[in-house]
Amino acid sequence: MNPGWRRDAVAAVWVAAVAGAGWTGTALAARAPSKAKPATHTVTIDATSYAPARLTVHPGDTVVWVNKDLIPHTATAKGGGFDSKVLAAGASFRFTVKAKAGIDYACLFHPTMKGRIDVE
Amino acid sequence: MTHTALIIAAALAVPAAPRAVEAAQPVNDAQIASIVVTANQVDIDAGKLASERAAKPEVKKFGELMVTDHTGVNKAAVDLATKLKVTPQDNPTSQSLKAGGDKNVAHLKTLKGAAFDKAYVDQEVAYHTAVLDAVDKTLIPNASNAELKALLVKVRPAFVAHLEHAKQIQATLGGAH
């Protein structure tokens, strides 16, 4: 499904619901989905894997990787974007998503570890 | 047990390694703890040598990674054994691991440059293959304590990643000759 289409559909439902409730246009604008409060998502690193390995976020959201494994790992975006550098056991790393583009990332030490952030 | 000892001894290419011939018996948790600690230590020893002697930067880095990761796993294993009041118990598998590891390090010390890199990486591929086999066929099935079993399950994917990583390096070394 085209994410842009889905977003428009969501907005249409909003308009219908809010209009049905008899709200004003001003309230509508203030409540638009694009003004939604940024969310924080957690990716747990354990047993040499990311959980969830695939995550869907919105621009402005923050992703936090927490290393609960026994050994160091990294969360490093392919082609730049972000790099946690060495995350020792117990350490964490935050990245705030800006661009509306998906990001594949991996662990520099363990080639079997792969993750993806979808941005919509 | 006999199976594990033989596989690991074969992987280490140690003709003199003791070939356990006594009746096969399941390993207990104290023996599993000893096998885990010894297996990690063997790879730490080889990794230390590679971090000092490897010619190619990626081989040197891999050696450093082995020291870091297997030290992390060993710390967790020792902490758990202490908590469970389990004293690691020597057994034919841990003995053959130790003997094979010592022999491997002695052999690697006679090599330099590309020959060292190739021998070390080939060995790491064989070693992680053998250790994974032991983890799957002997250690996890025989671990009776739930926390010990959970630790083995938790660290297994790291060994898979090490094997994959070593194979990737092995492929680049093969092309260099």
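Just a few scattered comments:
For every residue, the table says whether it meets (1) surrounded by 15 or more Cβ atoms within 10 Å (Cβ to Cβ); (2) assigned by TED's automatic domain parsing to the domain that holds A:THR44; (3) not in a loop (DSSP other than H, G, I, E, B).
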position: A:THR56; (1), (2), (3): no, yes, yes
position: A:TRP65; (1), (2), (3): yes, yes, yes
position: A:GLY81; (1), (2), (3): yes, yes, no
position: A:ALA89; (1), (2), (3): yes, yes, no
position: A:ALA101; (1), (2), (3): no, yes, no
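- Residue count, the stretch B:141-172 (criterion: surrounded by fewer than 19 Cβ atoms within 10 Å (Cβ to Cβ), more than 13 Å from chain A (Cβ to nearest Cβ), hydrophobic (A, V, I, L, M, F, W, C) and touching a helix residue (DSSP H, G or I) at 6+ places or on another chain (Cβ under 9 Å)): 0
- From the list B:THR129, B:THR82, the one residue that fits, being of a type in the set (Ser, Thr, Tyr) and in contact with a helix residue (DSSP H, G or I) (Cβ under 8 Å, 6 or more places away or on another chain), is B:THR129.
- When residues of the stretch B:128-140 are limited to those that are in contact (Cβ under 8 Å) with a residue 24 or more places away in the chain and within 14 Å of chain A (Cβ to nearest Cβ), the one farthest from the chain's Cα centre (by Cα): B:VAL135
Residue-by-condition table, conditions (1) part of a helix (DSSP H, G or I); (2) under 16 Å from A:ILE71 (Cα atoms); (3) aliphatic (A, V, I, L, M):
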| residue | (1), (2), (3) |
| --- | --- |
| B:VAL36 | yes, yes, yes |
| B:GLU52 | yes, no, no |
| B:HIS70 | yes, yes, no |
| B:VAL78 | yes, yes, yes |
| B:ALA81 | yes, no, yes |
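- Here A:LEU70 clears all of (1) under 25 Å from B:MET66 (Cα atoms); (2) loosely packed, with under 15 Cβ neighbours inside 10 Å except the condition numbered (2).
- The criterion of being out of contact with any Leu (no Cβ under 8 Å at 6 or more places or on another chain) and under 22 Å from A:PHE109 (Cβ atoms) holds for B:LYS48.
- Meets criteria (touching a Lys or Arg at 6+ places or on another chain (Cβ under 8 Å), surrounded by fewer than 22 Cβ atoms within 10 Å (Cβ to Cβ), touching a residue at least 40 places away in the same chain (Cβ under 8 Å) and hydrophobic (A, V, I, L, M, F, W, C)) for B:VAL125: yes
- Just one of the listed residues (B:GLN168, B:GLN89) is without any contact (Cβ under 8 Å) to a residue 24 or more places away in the chain and not small (Gly, Ala, Ser), namely B:GLN168.
The values are calculated or read from the model by the stated rules, or taken from the named source; none is laboratory data. As the structure is a prediction and not an experimental result, all values here were calculated from the model. Ideal geometry is used to build each Cβ from the backbone, glycine not excepted, and the neighbour counts take in all protein chains shown.
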